Amino acid sequence: MEALIALSIGVLTACGVYLALRGRTFPMVLGLTFLSYAVNLFLFSMGRLGIGQPPVIRAAATAYADPVPQALVLTAIVIGFAMTAFVIVLALKARAELGNDHVDGLDES
Amino acid sequence: MNHLAIAPLLLPLLAGILLLLIRHRGIFPRRLLSVAAVLGQIGLALLLTGALSGGDILVYHLGNWPAPFGIVLVADALAAWMLLATALLALFALLYACQGGDARGRHFHVLFQLQLFGLNGAFLTGDLFNLFVFFEVLLLASYGLILHGGGRARVRAGLHYVVLNLAGSALFLIAVGTLFGVFGTLNMADLARKVASTPPSELGLARAAGLLLFAVFALKAALLPLYLWLPAAYAHTSAPVAALFAIMTKVGVYAIVRVYSLIFGAEAGPLAHLIEPWLLPMALATLLVGMLGVLAATALRRQVAYLVIASVGSLLTAFALDSVAGIAAGLYYLPHSVFAAAALFLLADVIARRRGATADHLESAPAIAQAALLGGLFFVATMQMIGLPPLSGFLGKFLLLRAALAHPAAAWVMAAVLLGGLMGMIALARSGSVLFFRTLPAMDQEGRSDTPVPSPPTPLMKPLPFGTPGGEGSVLPVAAALVPVVGLLLLGLLMTIFAGPIQAHVASIAEQLSRPYLYVHAVLGVRP
């Protein structure tokens with residue numbers, strides 16, 4: 001499972017970085033979204049991976065899952081949502097103001 | 001529990017919410033509430049400074065959860081100092097905005113208060129994840145503010161600013177996540193305690209996380225390779241916002257000082273002095289590159305933006321000296337550079353509005369009205385910024401150079417700081433002479449002496465409808481427009497007159513910072 005999670009985080013980050021470096025706003029927004037997914041998954045896995053472990057104290061439990069990363073990742077998801085919404089609106093505004101969807105507004109075609 | 005530590009957070013948050021509720025009322029009640037809230041924050045910052053004067057550290061446990069488990073706010077002398085500088089700066093930026101700039105967007109005052117909420121939170125938090133949250137709060141507010149008023153150039157610069165900071169936030173979260181994975185805590189005091197006993201197998205991870213965190217803070221502070229977002233963003237936003245943003249880079253500087261004196265400081269065992277080999281060379285290079293930018297800039301506001309970068313270089317040079325005297329010098333220099341840069345941003349706007357279509361481009365234009373008054377203020381502000389005697393900039397530089405004497409790289413520091421000062425002086429002297437002396441003959445003789453409106457009427461002089469790019473061209477009455485500028489310059493003057501007591505105060509802050517165990521004990525409740 002560790003290898004799978006690590007691989008997915010790696011692929012998401014790679015896609016995110018590639019897309020974020022594109023010259024148009026739409027792929028860039030997608031790239032940032034991928035990047036934030038990767039980061040959220042990474043943050044989530046920092047509490048160590050385990051199956052069927054309770055996060056709160058229980059008499060029968062032998063091992064516990066760390067609840068803190070789940071709280072952290074929830075916060076990060078909410079903030080990421082807000083930021084994505086904002087950057088989409090900004091990209092639309094830039095499209096309207098600059099007349100094209102290039103990040104530098106340079107496109108002449 | 002003393003609730004004073006959380007008050008600087010609650011006041012701007014409540015003011016922001018209230019402002020949102022009364023957004024359909026006239027502009028006057030909103031201005032009144034906003035100014036009152038900022039005045040209240042100045043009062044709170046002074047109260048906090050007074051309460052901490054004995055060297056205490058106030059710790060506020062939110063929800064009364066004990067320290068490493070719950071979230072804490074920590075008000076120490078450094079946090080109070082930053083709060084005071086922020087509130088004073090905000091007052092004058094707001095007074096300038098209240099002369100019409102705030103009416104160009106519906107939510108200026110709301111965003112302004114939330115920006116202060118984020119700034120105060122970043123200074124007060126004792127938890128690395130909450131530092132991230134407050135960074136996001138202040139960034140989200142700043143995204144709104146930087147676009148305030150709209151316009152092509154502003155939207156383009158704003159887009160770059162937003163995207164870069166989103167990438168920075170992703171890196172911040174990765175660093176925070178790695179630190180949590182290694183140490184199992186994000187409370188700064190708890191981290192400081194655990195870092196010293198990092199197991200050797202985790203050392204590489206912890207070091208990578210620490211350096212990644214440095215990269216994030218360097219992006220916020222606009223340190224050398226990561227400063228490219230700043231000049232365009234600051235040069236194209238509205239003047240009061242640019243003035244307020246003079247403190248934004250200092251949040252990055254604050255985070256560097258806090259994290260690398262507390263968590264990765266002298267007591268961190270194998271991870272001690274993590275960024276020391278990087279910080280000084282990068283700070284000196286930032287100073288010189290910033291000054292090169294000042295020399296090369298073709299518009300006044302861009303020049304001031306590069307001055308902000310150069311001041312970050314000087315500041316981090318002081319903190320990189322890693323001595324009590326160096327940190328004290330940096331802490332004296334910090335509010336000075338913020339006030340001076342803000343005064344220059346506002347002054348550049350006042351001047352640009354009087355030059356019609358030439359705006360703040362460093363080209364000859366017809367002489368402006370009240371050139372003597374504006375030129376005099378420009379002279380004082382640049383002297384303060386560059387650090388010529390007898391003003392506060394000189395004292396800051398002097399303290400910095402004196403602290404550098406004891407450092408092995410003293411020659412490099414001296415050379416870079418003095419050369420940077422010279423470059424800045426040449427550039428600003430040139431700007432001043434272009435703006436005020438090398439003027440073209442006026443095309444029209446009337447209206448030169450009494451009215452502040454410059455004689456050649458240009459399209460920018462007409463009041464433009466809300467949201468148009470040139471809508472900021474309207475000319476304010478000179479007296480009202482200059483009150484905030486003079487106020488900021490007076491703050492610098494006060495810092496010069498009361499340099500003795502202020503120096504003693506910042507020395508005590510530096511003293512406290514050099515003993516991070518005080519912070520750890522205060523937060524975790526362990527007796528020293």
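Scan region B:288-340 for residues that are of a type in the set (A, V, I, L, M, F, W, C), surrounded by fewer than 24 Cβ atoms within 10 Å (Cβ to Cβ) and not in a helix (DSSP H, G or I) and report the count.
Matching residues across region B:288-340 total 2.
Among (1) more than 28 Å from residue B:192 (Cα to Cα); (2) surrounded by 24 or more Cβ atoms within 10 Å (Cβ to Cβ); (3) aliphatic (A, V, I, L, M), which single condition is residue B:228 missing?
(2) is the only condition that residue B:228 fails.
Scanning region B:205-247 for residues that are out of contact with any Lys or Arg (no Cβ under 8 Å at 6 or more places or on another chain) and aromatic (Phe, Trp, Tyr), which turns out farthest from residue B:177 (Cα to Cα)?
Once the filter is applied, the top-ranked residue is B:245.
Restricting to region B:183-216, what's the tally of residues that are in a loop (DSSP other than H, G, I, E, B) and in contact (Cβ under 8 Å) with a residue 12 or more places away in the chain?
The qualifying residues number 5.
Give the residue that is modelled with the lowest pLDDT, with candidates limited to residues of region B:145-157 that are in a helix (DSSP H, G or I) and more than 7 Å from chain A (Cβ to nearest Cβ).
Across region B:145-157, the extreme among qualifying residues is B:153.
All but one of (1) more than 30 Å from residue B:267 (Cα to Cα); (2) surrounded by fewer than 24 Cβ atoms within 10 Å (Cβ to Cβ) hold for residue B:158; state the number of the condition that does not hold.
(2)
Only one of A:17, A:29, A:87 is more than 19 Å from residue B:176 (Cα to Cα), modelled with pLDDT of 90 or more and within 7 Å of another protein chain (Cβ to nearest Cβ); which?
Of the residues listed, the single one that is more than 19 Å from residue B:176 (Cα to Cα), modelled with pLDDT of 90 or more and within 7 Å of another protein chain (Cβ to nearest Cβ) is A:87.
For residues in region A:8-43 being polar (S, T, N, Q) and without any contact (Cβ under 8 Å) to a residue 60 or more places away in the chain, which is surrounded by the most Cβ atoms within 10 Å (Cβ to Cβ)?
It comes out as A:36.
More than 30 Å from residue A:101 (Cβ to Cβ) and either in a helix (DSSP H, G or I) or in contact (Cβ under 8 Å) with a residue 40 or more places away in the chain (or both): which single residue out of B:180, B:172 fits that description?
B:180
The values are calculated or read from the model by the stated rules, or taken from the named source; none is laboratory data. The structure displayed is predicted, hence computed values, not measured ones. All Cβ positions, glycine included, derive from the backbone under ideal geometry; neighbour counts span all protein chains shown.
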